[in-house]
Amino acid sequence: MTQERELKPMNGWFMLLIYLCLWAWFGWTVLQLAKTPGQSEGRPDLIVQLGASILLGVLTLPGFFILNPNTSKVMVLFGRYAGTARRDGFWWSNPFFVKTPVSLRAQTLNGERLKVNDQIGNPVEIAAIIIWQIEDTYKACFEVENVVQFVALQSETALRHSASSYPYDADEGQVSLMRNTDELAEHLLAELQERLKRAGIRVLEARLSHLAYAQEIAGVMLRKQQAAAIIAARQRIVDGAVGMVEMALDHLATKKIVDLDPERKATMVSNLMVVLCSESAVQPVLNAGTLAP
């Protein structure tokens with residue numbers, strides 16, 4: 001036996017009726033003995049019936065059990081797996097079965113923050129939330145020692161491997177931890193499913209709950225990101241300023257407002273670039289060059 005086998009127990013209400021009839025038989029036997037006080041030695045049949053009813057009543061009672069929705073009970077008879085009861089309701093089974101409850105509901109693992117080196121060696125802090133449920137009760141009970149601990153340890157291992165497979169940040173078009181969280185979640189989900197199938201676990205969802213540089217390099221990386229943002233902003237400002245200067249020269253030439261020689265155009269371009277690219281308001285003194293009459 002390497003996988004789950006469903007066990008169909010008997011209807012508990014039907015067995016309860018039989019159980020009540022058994023105790024009614026016990027009560028009738030007691031009444032019969034009470035009618036013949038002092039003559040119990042002459043009625044060995046009643047003594048046997050009384051003992052049998054008590055024995056059957058005691059042995060039958062442990063067979064009753066209740067299953068709530070999305071729960072199950074794994075049945076073991078003298079060390080041998082007998083099956084798993086999954087249907088919710090009131091049931092009765094062999095009273096000698098050892099019934100181990102196993103939840104089939106979805107469970108959430110909120111992983112702790114881990115310090116991992118990404119693909120290029122930068123230390124990062126990462127954590128994930130894993131939603132899982134037991135699919136095969138036989139494997140969950142008999143293939144691993146503790147299924148909850150097994151899920152926690154394997155999830156940590158899978159998260160470390162996934163985080164080390166990508167850089168924290170990368171150029172546009174490359175997969176990175178910071179920009180491609182969906183791809184990372186898919187990679188983590190596939191690896192978790194492969195690792196946890198031994199325990200009969202089905203992973204429903206895997207998502208990152210925390211992602212950041214480790215504290216020892218967080219300040220340096222923040223300055224790096226700020227520098228990259230400043231460079232990108234400057235590049236956009238310069239591109240816009242060049243376009244505006246080009247548009248101004250084209251309008252002046254089209255409308256023939258003024259005829260500028262190359263030296264005057266260079267001076268005008270210089271002044272416009274100062275005005276457009278300056279971070280603060282320019283002073284009202286500009287280099288006129290040879291534009292003066």
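The values are calculated or read from the model by the stated rules, or taken from the named source; none is laboratory data. All values derive from a computational prediction rather than experimental measurement. Every residue, glycine among them, receives a Cβ derived from its backbone with ideal geometry; neighbour counts consider all protein chains shown.
If the condition is being exposed (fewer than 11 other Cβ atoms within 10 Å of the Cβ), basic (K, R) and at pLDDT below 70, then region 218-254 contributes only R223. Only one entry of T100, T71 meets the criterion of being surrounded by fewer than 16 Cβ atoms within 10 Å (Cβ to Cβ), touching a Pro at 6+ places or on another chain (Cβ under 9 Å), of a type in the set (S, T, Y) and over 30 Å from A232 (Cα atoms), and that entry is T71.
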